[in-house]
Amino acid sequence: MAKIKVGDKVRIKEQADWPAPPGYRLARAEGTVVKWVEYDEVMAEFANYVMVQLEKAEGDGKVYIGNSFFFRAENLEKI
């Protein structure tokens, strides 16, 4: 898998263990990566989180379009 970079279009993968609601509402939503999390050493465990601005979603997820959320990079796929 190619590394996700700022500006990439991504889709949020479905996750069986996501809480409901609202986790499942964002499955298959699409957006643009706007930044990688950049924290000091204290927050190093969050180094693989990416902020995605949602541009497309289905069903109840539509209310989140235009908002930005953090996701683990492994839960995203490039489109």
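Do we have any residue at all in the range 21-44 that's exposed (fewer than 14 other Cβ atoms within 10 Å of the Cβ), in contact with a Gly (Cβ under 8 Å, 6 or more places away or on another chain), closer than 21 Å to Lys9 by Cβ and at pLDDT 80 or above? Taking every residue of the range 21-44 in turn, none turns out to be exposed (fewer than 14 other Cβ atoms within 10 Å of the Cβ), in contact with a Gly (Cβ under 8 Å, 6 or more places away or on another chain), closer than 21 Å to Lys9 by Cβ and at pLDDT 80 or above.
When the range 46-79 is limited to residues that are in a strand (DSSP E or B) and among the acidic types (Asp, Glu), the one that is modelled with the lowest pLDDT turns out to be Glu77.
The values are calculated or read from the model by the stated rules, or taken from the named source; none is laboratory data. This structure is a prediction, so every number in the text was calculated from the model and none was measured. Glycine also receives a Cβ, built like all others from the backbone with ideal geometry; neighbour counts cover every protein chain displayed.
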